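Colleague: This is the structure, below, for whatever I ask next.
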């Protein structure tokens with residue numbers, strides 16, 4: 001889509017500067033990427049949402065060009081959520097919706113649990129239900145664990161680990177992933193470990209806003225969690241599910257038009 005003005009900036013916060021891009025006008029929505037990506041994950045989606053929303057895509061705290069936490073401090077979903085709320089405060093957003101993909105879905109859920117009076121709606125894309133059993137199964141990251149090698153073989157490992165869950169014929173998306181995984185100060189394992197530490201079952205009952213679960217049927221990590229996630233929010237105003245048939249892990253780049261369609265339809269029915 002052309003003709004959509006994208007404004008990049010840094011917000012000064014107590015955590016340091018947080019990098020973001022925004023476009024459009026209207027009710028705000030903050031969109032949150034997966035590990036170890038950046039706001040680039042939403043390059044296709046932001047212009048599609050912007051005609052009817054003020055869309056803010058951020059490099060989450062610890063990722064991309066945003067400030068990084070103390071490397072000796074374990075990273076957590078709660079830490080990332082603090083970054084989201086810090087950005088919302090810096091941009092003077094009284095109320096806003098959130099959309100998170102993979103890691104970002106945990107963060108979106110935590111933001112909604114922490115600030116129910118501010119979050120008008122939550123879109124959880126490729127979300128998982130992180131209870132004790134899932135934490136045990138995912139205690140060690142299964143991807144993005146390569147260590148730097150002088151011959152560059154770690155770049156091949158990053159690519160090959162992700163390749164089976166990515167759409168055929170889209171090496172461009174994997175190129176973007178590799179660029180983000182090499183961001184200065186980023187250890188991608190931290191983002192995965194943050195997910196596996198999250199005590200989600202203790203937090204979901206605090207979420208009261210309407211929820212949309214976006215489920216990609218060819219995402220082997222998240223799709224099996226769809227029903228459990230749908231049933232996991234006892235106090236949400238409503239919980240809807242939208243399946244993207246044939247969607248893979250990089251759903252935001254691969255199927256941005258389909259995502260935009262279901263998200264905008266959901267948000268149109270939300271009363272702030």
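Colleague: Could you pull out every one of the helices (runs of 4 or more DSSP H) wholly within the range 168-236 that has 2 or more residues that are over 17 Å from residue 122 (Cβ atoms)?
Modeller: Counting at least 2 such residues, we get 171-181, 188-197.
Colleague: Counting only residues that are free of Cβ contacts under 8 Å to residues at least 60 places away in the same chain, within 13 Å of the chain's Cα centre (by Cα) and either under 13 Å from residue 88 (Cα atoms) or part of a loop (DSSP other than H, G, I, E, B) (or both), how many does the range 19-66 have?
Modeller: 6
Colleague: Restricting the search to the range 100-114, which residues are within 17 Å of residue 238 (Cα to Cα) and surrounded by fewer than 24 Cβ atoms within 10 Å (Cβ to Cβ)?
Modeller: Listed by number, the list holds a single entry, 113.
Colleague: Of all residues being part of a helix (DSSP H, G or I) and touching a residue at least 60 places away in the same chain (Cβ under 8 Å) in the range 237-262, which is surrounded by the most Cβ atoms within 10 Å (Cβ to Cβ)? Just the residue, please. Quick ask: steps written out before the conclusion?
Modeller: First pass over the range 237-262, keeping only residues part of a helix (DSSP H, G or I): 251-254, 256-262.
Right, trim to touching a residue at least 60 places away in the same chain (Cβ under 8 Å) and you get 251-254, 256-257, 259-260.
Values: 251: 26, 252: 31, 253: 23, 254: 20, 256: 19, 257: 10, 259: 27, 260: 21.
Of everything passing the filter in the range 237-262, 252 is surrounded by the most Cβ atoms within 10 Å (Cβ to Cβ).
Colleague: Hey, does the range 125-136 have a residue that's touching a strand residue (DSSP E or B) at 6+ places or on another chain (Cβ under 6 Å) and part of a strand (DSSP E or B)?
Modeller: Within the range 125-136, one or more residues are touching a strand residue (DSSP E or B) at 6+ places or on another chain (Cβ under 6 Å) and part of a strand (DSSP E or B).
Colleague: Still on this structure, I have one more. Residue 117 passes all but one of (1) closer than 18 Å to residue 207 by Cα; (2) over 12 Å from the mean Cα position of the chain (by Cα); (3) surrounded by 17 or more Cβ atoms within 10 Å (Cβ to Cβ); which number fails?
Modeller: The one condition residue 117 does not meet is (3).
Colleague: What residue, of 65, 60, is under 29 Å from residue 138 (Cα atoms) and surrounded by fewer than 20 Cβ atoms within 10 Å (Cβ to Cβ)?
Modeller: From the options 65, 60, the qualifying one is 65.
Colleague: For the range 102-110, indicate whether the set of residues that are part of a loop (DSSP other than H, G, I, E, B), closer than 29 Å to residue 258 by Cβ, in contact with a helix residue (DSSP H, G or I) (Cβ under 9 Å, 6 or more places away or on another chain) and modelled with pLDDT under 95 is non-empty.
Modeller: no
Colleague: Is it fair to say residue 4 is in contact with a helix residue (DSSP H, G or I) (Cβ under 6 Å, 6 or more places away or on another chain), surrounded by fewer than 17 Cβ atoms within 10 Å (Cβ to Cβ), in contact (Cβ under 8 Å) with a residue 12 or more places away in the chain and on the phi < 0 side of the Ramachandran plot?
Modeller: Spelling it out, residue 4 is indeed in contact with a helix residue (DSSP H, G or I) (Cβ under 6 Å, 6 or more places away or on another chain), surrounded by fewer than 17 Cβ atoms within 10 Å (Cβ to Cβ), in contact (Cβ under 8 Å) with a residue 12 or more places away in the chain and on the phi < 0 side of the Ramachandran plot.
Colleague: Are there any pairs, at least 6 apart or on different chains, whose C-beta atoms fall under 7 Å, with the first in the range 128-142 and free of Cβ contacts under 8 Å to residues at least 24 places away in the same chain and the second in a helix (DSSP H, G or I) and surrounded by 17 or more Cβ atoms within 10 Å (Cβ to Cβ), and if so, which?
Modeller: As it stands, the answer is none, since no pair meets every condition given.
Colleague: Further question on the same structure: Just to be sure before I move on: is residue 265 within 29 Å of residue 54 (Cβ to Cβ), exposed (fewer than 14 other Cβ atoms within 10 Å of the Cβ) and either in contact (Cβ under 8 Å) with a residue 60 or more places away in the chain or out of contact with any helix residue (DSSP H, G or I) (no Cβ under 9 Å at 6 or more places or on another chain) (or both) in the structure I sent?
Modeller: Judged against the criteria, residue 265 is a match.
Colleague: Any residue in the range 164-178 that is surrounded by 21 or more Cβ atoms within 10 Å (Cβ to Cβ), more than 17 Å from residue 42 (Cβ to Cβ) and in contact with a helix residue (DSSP H, G or I) (Cβ under 7 Å, 6 or more places away or on another chain)?
Modeller: Looking through the range 164-178, none of the residues is surrounded by 21 or more Cβ atoms within 10 Å (Cβ to Cβ), more than 17 Å from residue 42 (Cβ to Cβ) and in contact with a helix residue (DSSP H, G or I) (Cβ under 7 Å, 6 or more places away or on another chain).
Colleague: Does residue 217 qualify as being touching a residue at least 12 places away in the same chain (Cβ under 8 Å) and surrounded by fewer than 18 Cβ atoms within 10 Å (Cβ to Cβ)? Even if it seems obvious, please write down each step before you answer.
Modeller: Values: touching a residue at least 12 places away in the same chain (Cβ under 8 Å): yes; surrounded by fewer than 18 Cβ atoms within 10 Å (Cβ to Cβ): yes.
So residue 217 passes the test.
Colleague: On the basis of being at pLDDT 95 or above, over 18 Å from the mean Cα position of the chain (by Cα) and on the phi < 0 side of the Ramachandran plot, does residue 228 make the cut?
Modeller: In short, yes.
The values are calculated or read from the model by the stated rules, or taken from the named source; none is laboratory data. Given the structure is predicted, the values throughout are model-derived calculations rather than measurements. FYI the Cβ positions are ideal-geometry reconstructions off the backbone, even for glycines, and counts take in every protein chain you see.
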